[in-house]
Amino acid sequence: QRRDVMQSEEVSQLVTDMRHDVIYELIAKFIPENAMHEQWDIVGLHEESLRVLDLDLPLAEWAKEEGIAEEEIRDRVMEASDAKIGAKKSAIGDDVMRRVEKSLLLQMIDQGWRDHLAQLDSLRQAVNLRAFGQKTPLLEYQRESFDMFEELLSGLRERVTGVLSRVALRREPAPEDLQPKAPAQMKAIKENAQSGIGAG
């Protein structure tokens with residue numbers, strides 16, 4: 001995945017897919033499929049939406065709507081999240097957003113992989129001790145390392161989504177906006193200011 005990110009011009013679709021996967025997981029956790037309406041954990045979903053997506057949504061009001069189902073709530077959360085990221089992209093421009101997404105994704109992959117390798121090392125030591133408990137070390141290692149890798153991927157999706165949802169992005173002033181104004185411009189500004197004072 002890291003190699004694919006490095007070779008890609010942009011990773012916007014990958015990042016979007018990650019965010020949508022996170023939303024699917026959130027809805028599945030707090031509004032389980034085929035669960036009765038009374039079993040929905042709307043408070044938990046609201047807290048996680050704030051934490052992960054930085055969205056303060058009227059989920060309690062939505063849940064009270066007649067006939068509403070988890071699919072519609074998921075679609076509304078996804079729409080709000082897409083709009084939030086879209087606004088950030090409009091504020092800083094597509095090109096800057098592409099660079100931010102790619103840099104962040106590479107950084108998160110590297111950090112996650114380093115942590116994963118450290119966890120695997122600890123797992124190897126723990127599994128070797130289990131051999132004394134009549135368990136097969138290799139099978140134990142394979143099973144638990146697979147679970148840890150799945151957690152790595154899930155955590156990566158959530159961290160990338162969380163950072164992009166919470167980070168404040170803004171366009172830097174263009175170089176020409178930072179240049180001192182020409183004397184004629186300064187004079188016009190001064191005259192305008194004086195006329196404004198007199199008119200007041």
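The values are calculated or read from the model by the stated rules, or taken from the named source; none is laboratory data. Bear in mind the structure is a predicted one, so any value in this text is a computation, not a measurement. With ideal geometry, Cβ positions are generated from the backbone for all residues, glycine too; neighbour counts draw on all protein chains shown. Keep in mind that these areas ignore ligands, DNA and RNA; they rest on the heavy atoms of the full protein, side chains included. Shrake-Rupley method; radii C 1.70, N 1.55, O 1.52, S 1.80 Å.
For the stretch 1-34, a residue qualifies if it is closer than 30 Å to Ile68 by Cβ, open to solvent by less than 20 Å² (accessible area, probe 1.4 Å) and not in a helix (DSSP H, G or I), and exactly one does: Ile31. Inspection of the stretch 64-77 finds a residue satisfying the criterion of being of a type in the set (Val, Ile, Thr) and either open to solvent by 40 Å² or more (accessible area, probe 1.4 Å) or more than 30 Å from Arg99 (Cβ to Cβ) (or both).
Among the residues of the stretch 78-107, those that are surrounded by fewer than 17 Cβ atoms within 10 Å (Cβ to Cβ) and under 30 Å from Glu144 (Cα atoms) comprise Leu106, Gln107.
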